[in-house]
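Have a look at the structure below, then the notes.
The values are calculated or read from the model by the stated rules, or taken from the named source; none is laboratory data. This is a predicted model, so every value here is computed, not measured. With ideal geometry, Cβ positions are generated from the backbone for all residues, glycine too; neighbour counts draw on all protein chains shown. The accessibility values were calculated without ligands, DNA or RNA, using every heavy atom of the protein model including side chains. Shrake-Rupley method; radii C 1.70, N 1.55, O 1.52, S 1.80 Å.
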Amino acid sequence: MEENMDESQSQKGCKECCERCVGSLPWASLIATILLYMGVALFCGCGHEALSGTVTILQNYFEVIRAPGDTLDVFTIIDILKYIIYGLAAGFFVFGVLLLVEGFFTTGAIRDLYGEFKITACGRCLTAFLMFLAYLFFLVWLGVTAFTSLPVFMYFNVWSMCQNTSSVEGANLCLDLRQFGAVTINEERKVCTGSEKFFKMCESNELDLTFHLFVCALAGAGAAVIAMVHFLMALAANWGYLKDASRMQKYEDIKSKEEQELHDIHSTRSKERLNAYT
């Protein structure tokens, strides 16, 4: 009988421990962090490989040569974009960790409101600062999403031309890099639909893979935008909860002080009456 009671108590204790652990997790911040990491990883990985595929297409089918020295050409711009991708991956990894830690501390603050934990002004300021950063990065990812849609649109046009080679065979259409700003006006780098290079480019894996990689990078940027919106909602709710908790904490402190003062006054009067009676 005692063994059954001990087993039921241990099971009850494990259940309460699990419920406490699950209840203390900041699920909103956790889901937003996972979505942010997935979006950033998808954008950075696919974007990096798509830029590498673009370099291959420019060199093999448009015969674009890297300019000597430090001249700012399309290849230098692609290298700069790759370094920006590296910075985005590292920066948002740290930012996601900060937001997740803030979510854990805020959840602990709300849970232990009537315990020993004190809601400080520093915590509220930190939440407000992270909310400002989340809004700023939300605008940044909106710009990144709009910028990523440009190569998707260009590659979609080229991919559509390759998919409909029979209908554009007699049209004699050309892809001129000068229209996209990839080369200077003096350079003529174009591929026409009736040429051998056009058919080789359409039959190669580089074009199809690069196009779909840019599509995946666009999806990753969109996921990062959704994650930023999710973080903004979570941070705004946390800041409101912390503000209300701070007011409640001040009210409890004032109430305890007043009760202590009334108790002291009552004790003093009781002593005075006792002294007067004696």
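Values as computed for the structure displayed
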| item | result |
| --- | --- |
| Any hit, region 35-51, residues being at pLDDT below 80 and surrounded by fewer than 16 Cβ atoms within 10 Å (Cβ to Cβ) | no |
| Flag for residue 127 being at pLDDT 75 or above and either out of contact with any Gly (no Cβ under 9 Å at 6 or more places or on another chain) or in a helix (DSSP H, G or I) (or both) | yes |
| Matching residues in region 162-181 - criterion: being modelled with pLDDT of 75 or more and of a type outside the set (Lys, Arg) | 162, 163, 164, 173, 174, 175, 176, 177, 179, 180 |
| Matching residues in region 243-257 - criterion: being at pLDDT below 70 and among the aliphatic types (A, V, I, L, M) | 245, 248 |
| Members of region 60-72 found to be free of Cβ contacts under 8 Å to residues at least 24 places away in the same chain and open to solvent by less than 90 Å² (accessible area, probe 1.4 Å), listed by number | 67, 69, 71 |
| Test: residue in region 215-232 that is open to solvent by 60 Å² or more (accessible area, probe 1.4 Å), free of Cβ contacts under 8 Å to residues at least 24 places away in the same chain and touching a helix residue (DSSP H, G or I) at 6+ places or on another chain (Cβ under 9 Å) | no |
